[in-house]
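> Take this structure first; my questions come after.
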Amino acid sequence: MPVFNMEVPLPDVRSDGVEIVKKDCQESETHENKKVERGLLDSPWRKVDWTEESREVLVRSITSYKPSCESVPEARVLLLGPVGAGKSSFISSVHSVFSGSVTNRAMVGTSSTSFTHKLQSFPIRGGESGDQPTALVLCDAMGLGEGEMTGLTLHDVLAVIKGHAPEGHKFDPEQPVRAETVGYVKKPSAKERMHCVAFVVDATKIDSYSKNTGSTFRQLREHISDLGVHQVALLTHVDQVCQETALDVTKVYRSRLLQHTMEKAGALLGMSLSYIVPVRNYSSELAVDEHSDTLLLCAVKHILTYVELHLQDILELKAS
């Protein structure tokens, strides 16, 4: 049975299992019982500057960012992922980076059902006082479920991306977003649409996601791509997969296990590795640290790169 209910399509839409638990990076097994190569790489396979100076450069770059399209004052980014993948935690963690203290800006749940049921937009604020508006808005929605009636439907995902779903809309699989929906945006402008989609995947569950989940991601990517919106992916809970990274997040790109996990995330999503970045969300911490900040900031910078690609597409379309 397909995951998505397409009984009310939008008018212009075309028609792997042992869970990885916290382990030392020295050894792990896949569901195929094949050993993953042990240890850390001699050098990182991606370069990251972990200095405080680099962190500050990233903060200033994101705080001063302005979308290249004048009709779009803010970059709106939709986070999509299975229940418990860490969407809301990522939003809160990014907010924590800029505020300088760990806060739960987006409400975070721990159950197996989606804690978020409404469409919520979270403007990211920065500056020395932490209250200066930036041009980045992270948007949270209901988690993707394992069945037609247990999570966000394809129809509603596309309605959100296209700007039809109003802020605060409460999702209900039995009541899809349509013209009769209270607050429905009939003719959304470019600034009301989503300018990038970030898929969020839990590294600890990469081997236990069902085939339906993989099909869901691919179906989503196909339809979102049809709308001309670029997509990236965030791999969360990397510190729970690799103990070396839990002790020192700067080893994230030296971990053979995490490199392998990211490759499997790419296979799950049907996405090139270049689109995928690891993050370490704040969860039990009471204070931020510069290295976790840097990884989060690199993820935001990665997202904004693809926002700009979409905005350039808009400008080129207007010019033609």
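> Is it the case that residue 89 is among the polar types (S, T, N, Q), part of a helix (DSSP H, G or I), at pLDDT 95 or above and over 23 Å from residue 208 (Cβ atoms)? Lay out the reasoning, then the answer.
Working: among the polar types (S, T, N, Q): yes; part of a helix (DSSP H, G or I): yes; at pLDDT 95 or above: yes; over 23 Å from residue 208 (Cβ atoms): no.
So residue 89 fails the test.
> Test residue 246 against the criterion of being within 24 Å of residue 39 (Cβ to Cβ), buried (at least 18 other Cβ atoms within 10 Å of the Cβ) and not aromatic (Phe, Trp, Tyr), and give yes or no.
Working: within 24 Å of residue 39 (Cβ to Cβ): yes; buried (at least 18 other Cβ atoms within 10 Å of the Cβ): no; not aromatic (Phe, Trp, Tyr): yes.
No: the conditions fail for residue 246.
> List the residue pairs whose Cβ atoms are under 7 Å apart, where the first residue sits in the range 249-273 and is of a type in the set (S, T, N, Q), the second is assigned to a loop (DSSP other than H, G, I, E, B), and the two are 6 or more positions apart or on different chains.
Every condition considered, the pairs that remain are 250/50; 255/25; 259/45; 261/206.
Residue-wise test of (1) of a type in the set (A, V, I, L, M, F, W, C); (2) under 14 Å from residue 40 (Cβ atoms).
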position: 240; (1), (2): no, no
position: 243; (1), (2): no, yes
position: 262; (1), (2): yes, no
position: 274; (1), (2): no, no
position: 278; (1), (2): no, no
position: 295; (1), (2): yes, no
position: 299; (1), (2): yes, no
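> Take the range 101-136 and flag every residue that is more than 17 Å from residue 58 (Cα to Cα) and modelled with pLDDT of 90 or more.
Answer for the range 101-136, where residues must be more than 17 Å from residue 58 (Cα to Cα) and modelled with pLDDT of 90 or more: 101, 102, 118, 119, 120, 121, 122, 123.
> Something else: Among (1) at negative phi; (2) touching a strand residue (DSSP E or B) at 6+ places or on another chain (Cβ under 6 Å), where does residue 237 come up short?
Going through the list (1) at negative phi; (2) touching a strand residue (DSSP E or B) at 6+ places or on another chain (Cβ under 6 Å), residue 237 breaks only (1).
> While we're here: Name the single residue that is surrounded by the fewest Cβ atoms within 10 Å (Cβ to Cβ) among those in the range 59-80 being assigned to a helix (DSSP H, G or I) and of a type in the set (Ser, Thr, Tyr).
Of the range 59-80, the ones assigned to a helix (DSSP H, G or I) are 59-63.
From what is left, the residues that are of a type in the set (Ser, Thr, Tyr) are 61, 63.
On the way: 61: 13, 63: 18.
Residue satisfying both the conditions and the ranking: 61.
> Kindly evaluate residue 297 against the criterion of being modelled with pLDDT of 95 or more and within 16 Å of residue 90 (Cβ to Cβ).
Working: modelled with pLDDT of 95 or more: yes; within 16 Å of residue 90 (Cβ to Cβ): yes.
Taking the combined requirement at face value, the residue satisfies it.
Every residue, every condition in (1) over 20 Å from residue 279 (Cα atoms); (2) at pLDDT 95 or above; (3) crowded, with 23+ Cβ neighbours inside 10 Å, yes or no:
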site: 175; (1), (2), (3): yes, no, no
site: 181; (1), (2), (3): yes, yes, no
site: 185; (1), (2), (3): yes, yes, no
site: 188; (1), (2), (3): yes, yes, no
site: 193; (1), (2), (3): yes, yes, no
site: 199; (1), (2), (3): no, yes, yes
site: 211; (1), (2), (3): yes, no, no
site: 218; (1), (2), (3): yes, yes, no
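> Next question, about the same structure. Only residues in the range 167-195 that are farther than 30 Å from residue 135 by Cβ count as the first member; pair them with residues that are part of a loop (DSSP other than H, G, I, E, B) and not charged (D, E, K, R), Cβ under 6 angstrom, at least 6 apart or cross-chain, and list the lot.
Note: pairs meeting the criteria are 173/149; 173/153; 176/8.
> Turning to a different aspect of this structure: Modelled with pLDDT of 95 or more, outside any helix (DSSP H, G or I) and either under 22 Å from the mean Cα position of the chain (by Cα) or more than 26 Å from residue 221 (Cβ to Cβ) (or both): which single residue out of 55, 38, 46 fits that description? Quick ask: steps written out before the conclusion?
Details: 55 fails: outside any helix (DSSP H, G or I); 38 fails: modelled with pLDDT of 95 or more.
Exactly one residue qualifies, and that residue is 46.
> Could I ask something else about it? Taking helices (runs of 4 or more DSSP H) that do not extend beyond the range 134-249, which have at least 2 residues that are over 27 Å from residue 290 (Cα atoms)? Can you show your working first?
Details: elements: 154-161, 211-226, 238-241, 243-247.
Here the list reads 154-161, 211-226.
> Looking only at the range 138-153, count every residue that is buried (at least 23 other Cβ atoms within 10 Å of the Cβ) and farther than 25 Å from residue 299 by Cβ and tell me the total.
Qualifying residue count, the range 138-153: 1.
The values are calculated or read from the model by the stated rules, or taken from the named source; none is laboratory data. This one's a predicted model, so the numbers in the text were calculated from it and none came from an experiment. Every residue, glycine as well, gets a Cβ built from its backbone with ideal geometry; the counts of neighbours run over all protein chains shown.
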